[in-house]
DNA sequence: GTGAAAGCGCTAACAT
DNA sequence: ATGTTAGCGCTTTCAC
C-alpha cells in the first residue's frame, strides 16, 4: 500500500506557477495579495483537497494555538461544565484545548504538565489536585514562560492569575441561613481542608458563627471525609450510632448532602422537620432528590469562560511586563430549597 | 523583555561537543548509543532544563501521537466517562487527546473534524451529532487516510469500526420486565429516532411487544421529545391533561424518566403502585431519586477504553490492508430498582 | 557508536 | 504584489 503524501502549499504553487510564499499569504488572507490571486489559490486548494498543516505552522511560529487544561476529574459535573466554557471561548479565539485529568494525584499532575509543555501549549489552566505537597511542577511551567492560571481551586504559594468564586462569603451566608432555622447544632462534612475551596468554605462557617455569637465548641461538629454519597452516608450513620446530636447537616458538596439526607431519612428523620440539610455546588441532581436540597450555585461555565478569556488575553498581549497576576472572584449565590426550610 | 529561546538538542550537543543526532538518539534511548554517552546527554539535558519539543518531532515523523475525540456534549455523564476511558488508554500508550464538542450540531462537527485534520491527529473517535444529514465531513477524514471510528452512536452509511452497546437487546429485556409488571399500557418518551441508539432502543421495545403478543396499536404510545427533565415533565403533564391513559413510562434516558416521575408524583400518582417508571443509562442520579429508578447500565468507561485500544492498534498496525472494519458490541445490563417493581 | 546532511510544511524577513 | 531564502527543532538515511 502506497502512502499518498498530502498536498502542500508547494504543490499548489507549482500548479499555479507562483511561489509558495504567495500561496501561504493567500491562504492566510494577507492584504498584500491581490484578490484575483487569492481566488485562484483558494480554488486550486479546494480542487487539490489541500489540508492546512497546523503542525508545520506551529513549529515555525513557535506557537501552538493550544491551551492545556488540567482538572482532577473530567466526570465531575462542575469541571466538565467549566471545561465546556473554556472550550467555547478557546474555539472562538482560534485555540484548541488539550484536556488532562490529574485524578487528584500530584504525580499525574506533574506528568500532565510535562506532556503539555512538550506539546508547547501556549498556556495552562489548572484546578490543582487535592494532595499537592510540592509546587515544583507548577513552577516548572512558569520557569519556561508558559503562563499557568488557576481556576476554582488554587495554590496559595503560587502567585498567578486566579479565577475563583467567593466561597467564603457564600458559605457564611448559607450558614447564617441554617442558623436562622431554629437549630441547635450544626454538623459539617468537609473535604480536605488543605484544598483552597474547602478551607474557604469552612472559614465561612466560622465567620457565620462568630457573627451570630454562637459557640463553635458546643454547637458545631466538623468532620473531614471523602466528599461522595457513600462516605457521607457512612459518616452520618456512624454519628447516629454514637448518639451524636445535631439537627442540621452542611455537606461541602451536593453529593455529601445527598448521602447525608439518605442516611437520615432511612433512620426515620424527616427533612427538614427533624434535621435540615444543605449542600454546595448546585449539581443538577440537587433539585431532583426529595426534598430538593438547599445549595450554592457556582457559575462553572462562567469560571471556565473567564479563565479562558484571561489566558488568551495574556497570551496575545504584546507587552507581558504590564501584566500582573490578578484574582477574579465570581459571585456564587444561595439557592434555598425545601431541605433547609422549616416552618417555624 | 527578551524572549529567552528554549534549549534544543543542538545546544546540548554543543555543550558536550558531540553531534545533535547523537543527542537525539540518546534521548530516544536508541540502542546504538553507548550507555556512557546516554548518561552524559541525560544529565546535561536535565542541567540545561531541556524540554522535548513534540511539535518538531511530529512534523518530522508525520505523526502527532494525538487522538481526536468528538462528542455531542462533554457535560453528559456518559460521555465524560467514556472520554475518561479513552484518555486513560491513550495516555498509557503515549498518546494525547484533543476533545471537541459538536453540541449536536452537524456544522460544528464538520468544523471540529477540520480542526482535527489540520492538527494532524492520528485518528478520530466520534459519537456523531443527532442531526447529521450528510456524511461528507466524515468521509473527508477517511479520504485523507485518517481513521475515524464510532463509539456509542454511529452512522449506518459509514462503514468503519464501531464500539457500541447491545441497546436493542437490553431495551427489549427492559420492556419485557415492564410488561410483566401487570400493566395495561406503556408510554415511551424517545429521542430523535434518526439517531442510531434511540432507533435501536425503540426497535427493542417492538421486539418485546411482538414476543409477548401485545398489540402496539392499543397498548403502546410513543412520543419523541428532547430527552431532558423539563421536556419529559411537560410531555407527561400534557398527556395527563388530555386524559391519555397509561400506567408505565419508559424514558429513553434517565433524565426523561426522572422528569416523568416528578410530573406523575406531583399529580398524585404513586410510583410504582399507580405507574411504573424506567429510564436508560444508569446516571449516578438514577439511584438517588425516590423511588430509585430502574435503568440500564451502559459500560461507558469500557466503551471508551475499547474504542481507544482499537484505534491505537489500528494506527500502529503496520499492514493496514489486513484490517477490516468491525463492530464491537459491549454488554449493557438491566438494573431493576423500586420504580418498576410492583407488589402484585 | 557517532557524524553529516537533508528535509518535514510552513512563515517571514528581505528583496524586487 | 510577488519571489527568494532561511530556518523552526527534530529524525533518519547514509557514511565512516
* To do: Assuming 0.692 mPa s and 37 °C, estimate D for region B:9-52 with Stokes-Einstein, Rh taken as the Kirkwood radius over Cα pairs, in µm²/s.
  => 331 µm²/s
* Radius of gyration, Dmax [region A:218-332; alpha carbons; angstrom] -> 19.6, 64
* To do: Would you please report the Å³ per residue occupied by the convex hull of the alpha carbon atoms in region B:121-207?
  => 94 Å³
* Over chain A: helical MRE at 222 nm, DSSP H runs n ≥ 4 each giving -39500 (n - 2.57), nearest 500 -> -13500 deg cm²/dmol
* Asked: What shape does the protein assembly as shown take by its C-alpha gyration tensor, where a ≥ b ≥ c are the square roots of the eigenvalues and a/c under 1.5 counts as rounded, a/b above b/c as prolate, and the rest as oblate?
  -> oblate
* Take the alpha carbon atoms of region B:258-309, find their radius of gyration, then divide it by 2.2 N^0.38 Å using N residues; give the quotient. => 1.47
* To do: Put a label point 7 Å from Cα along the Cβ direction on residue A:36, then list its distances to the equivalent points in the other copies in nm, shortest first.
  => 6.7
* To do: Over the whole of A:82-95, what's the average partner chain Cβ count within 10 Å per residue? Rounded to a whole number, please.
  => 2
* Structure fact -> In vacuo Debye sum over C-alpha of region B:167-208, base-10 log of normalised intensity I(q)/I(0) at q = 0.16, 0.17, 0.28, 0.30 Å⁻¹, listed in q order, is -0.37, -0.42, -0.94, -1.02
* Hey, could you get me the Stokes-Einstein D for chain A, Kirkwood radius over alpha-carbon pairs, 20 °C and 1.002 mPa s, rounded to whole µm² s⁻¹? => 93 µm²/s
* Structure fact -> Given all pairs of distinct Cα atoms, region A:175-244 yields a Kirkwood Rh in Å of 13.0 Å
* Ranked highest first by the average count of other Cβ atoms within 10 Å around their residues, in what order do A:331-339, A:120-128 fall? -> A:120-128, A:331-339
* Angle, helix B:167-179 long axis vs. longest principal axis of chain B, Cα atoms, 0 to 90°, nearest 10? -> 30 degrees
* Asked: How far is helix A:77-92 tilted, in degrees, relative to the longest principal axis of the Cα atoms in chain A, given as a value from 0 to 90 rounded to the nearest 10?
  -> 30 degrees
* Per residue of B:58-69, what is the mean number of Cβ atoms on other protein chains within 10 angstrom of that residue's Cβ? -> 3
* To do: Working from the alpha-carbon coordinates of region B:133-265, get Rg over Rh, Rh being the Kirkwood radius.
  => 1.07
* If the chain between residue B:297 and residue B:223 were fully stretched, how many nm would it gain, using 0.36 nm times the residue separation less the Cα-Cα distance? -> 24.3 nm
* To do: Any chance you could give the angle, 0 to 90 degrees and rounded to 10, that helix A:229-241 forms with the longest Cα principal axis of chain A?
  => 10 degrees
* Any idea what the relative contact order of chain A is, in percent, if you count C-alpha pairs under 8 Å spaced at least 6 apart? -> 17 percent
* **Cα gyration tensor category, rounded, prolate or oblate, for region A:8-92 with a/c compared to 1.5** => prolate
* Packing-based ranking, highest mean first, of B:149-162, A:6-19 given that Cβ atoms within 10 Å are counted -> B:149-162, A:6-19
* Asked: In 5 Å bins starting at 0, how do the alpha-carbon pair distances of region A:44-161 split up by percent?
  -> 2, 11, 21, 22, 18, 11, 6, 4, 3, 2, 1, 0
* **Listed peptides B:58-64, B:240-246 by packing density, highest first (mean Cβ within 10 Å)** => B:58-64, B:240-246
* **Partner chain coverage, peptide A:71-80 - average Cβ within 10 angstrom** => 4
* Taking 7 Å along the Cα-to-C-beta vector as the label spot, tell me the residue A:266-residue A:43 distance in nanometres, rounded to one decimal. => 7.3 nm
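Read the figures in this text as sums done on the coordinates, not as results from a lab. Computed from a prediction, not measured in an experiment: that's the story for all the values here. Reconstructed Cβ throughout: ideal geometry from the backbone, glycine too, with neighbour counts over all protein chains shown.
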